[in-house]
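The values are calculated or read from the model by the stated rules, or taken from the named source; none is laboratory data. On a predicted model such as this, the values are computed, not experimentally measured, just so you know. Here the Cβ positions follow ideal geometry from the backbone for every residue, glycine too, while neighbour counts run over all protein chains shown.
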Amino acid sequence: MSFDRIVILTGAGISAESGVDTFRDRNGIWSKVDYRDVATPEGFARNPRKVHAFYNERRRRLRGIRPNAAHEALARLEAAYGGSYLLVTQNIDGLHEGAGSRRLLHMHGEVNSALCEACGKRSRWSGDMSINSQCPHCQTTGRMRVDVVWFGEMPYHMDRIEAAIATCDLFVSIGTSGNVYPAAGFVEQARLAGAHTVELNLEPSEGFSSFEEALYGRATEVVPAFVSRILAAEVDA
Ligand code: NAD
Ligand code: APR
């Protein structure tokens, strides 16, 4: 089968073999920290110091990691498809960019981006953040937060994501447990668009039955194998 328009969704599982913790696996992030304390607007209002400390630690840990073979395989797929390819990630790490992906949307934001609640502007932010951090745009202090979409908030880029899914003929979900909406609902939208739907994951996700095809295994194995198959079909087409 060859395809014209591809949408890829990734979750924490694609970065697991780079050493990034997932959220709901055994020993996942949410088994150690209550998501209501650090990934909700209420948690930030209640204790901003705790939220800054949580994301400062994640930002520091992400500095030392590198993209893996799965990230690199997706960059190859983008190079072959160009404008007919879109990568949507739920991940806030920079590993897809590190592997060369450019046609990329971060629907949950980025840990190295900061949002000023006073002026609404964003800034790249690679160091620690605190309640005394100052906005580079409006110089207000004490209103900076990590630019990450929290539970209960709407993700970024939803119009562009849903428009791409509505016209795709291949939708591939990689390394996500299918627990969090609206990302978990994208596969049904792709099916309505008539797309071929594929799940590449360590194990069946919550939404496994919605996919027409699945390859289960570690991302660094199943993703390069799948990409090679797609690119070979392109050559034969
Ligand atoms: P939701 O209903 O989509 O997801 C709730 C999920 O939270 C559950 O499926 C479960 O996986 C998880 N959850 C519930 N209780 C939990 C617990 N005690 N510990 C760990 N995980 C738990 O969430 P929502 O409140 O409707 O918000 C959805 C919106 O929030 C979406 O727009 C999504 O993009 C955004 N979001 C962002 C983040 C983030 O950290 N960037 C996290 C989650 C959701
Ligand atoms: N290869 C492939 N898949 C893997 C690997 C691996 N090496 N390791 C783990 N996985 C799979 C797990 O089986 C699981 O299905 O990755 C998935 C990770 O699921 P979660 O930990 O729930 O992460 P994710 O789906 O990205 O969470 C969605 O929830 O808390 C929010 O904002 C957070 O974006 C995140 C969202």
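Some values worked out for this structure:
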{"read-out": "Within the range 135-156, considering residues that are surrounded by fewer than 14 Cβ atoms within 10 Å (Cβ to Cβ) and within 12 Å of ligand 1 (Cβ to nearest atom), the one modelled with the lowest pLDDT", "value": "152"}
{"read-out": "Candidates 59, 49, 24 - the one that is modelled with pLDDT of 95 or more and within 16 Å of ligand 2 (Cβ to nearest atom)", "value": "59"}
{"read-out": "Test: residue 198 is among the aliphatic types (A, V, I, L, M), closer than 28 Å to residue 28 by Cβ and in contact with an Asp or Glu (Cβ under 7 Å, 6 or more places away or on another chain)", "value": "yes"}
{"read-out": "Leading residue by the ranking (surrounded by the fewest Cβ atoms within 10 Å (Cβ to Cβ)) among those in the range 66-114 that are of a type in the set (S, T, N, Q) and within 16 Å of ligand 1 (Cβ to nearest atom)", "value": "113"}
{"read-out": "Complete set of residues in the range 105-153 that are assigned to a strand (DSSP E or B) and charged (D, E, K, R)", "value": "110, 122, 124, 145, 147"}
{"read-out": "Residue within the range 4-14 that is in contact with a Leu (Cβ under 9 Å, 6 or more places away or on another chain), touching a residue at least 40 places away in the same chain (Cβ under 8 Å), surrounded by 14 or more Cβ atoms within 10 Å (Cβ to Cβ) and assigned to a loop (DSSP other than H, G, I, E, B) present", "value": "yes"}
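Residue-wise test of (1) more than 9 Å from ligand 2 (Cβ to nearest atom); (2) modelled with pLDDT under 95; (3) closer than 20 Å to residue 39 by Cβ; (4) of a type in the set (Lys, Arg).
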residue: 170; (1), (2), (3), (4): yes, no, no, no
residue: 174; (1), (2), (3), (4): no, no, no, no
residue: 179; (1), (2), (3), (4): no, yes, yes, no
residue: 189; (1), (2), (3), (4): yes, no, no, no
residue: 210; (1), (2), (3), (4): yes, no, no, no
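Yes/no matrix, rows are residues, columns are (1) among the aromatic types (Phe, Trp, Tyr); (2) within 14 Å of ligand 1 (Cβ to nearest atom); (3) over 20 Å from residue 126 (Cβ atoms):
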residue	(1), (2), (3)
6	no, no, yes
10	no, yes, yes
18	no, no, no
22	no, yes, yes
32	no, yes, yes
47	no, no, yes
57	no, no, no
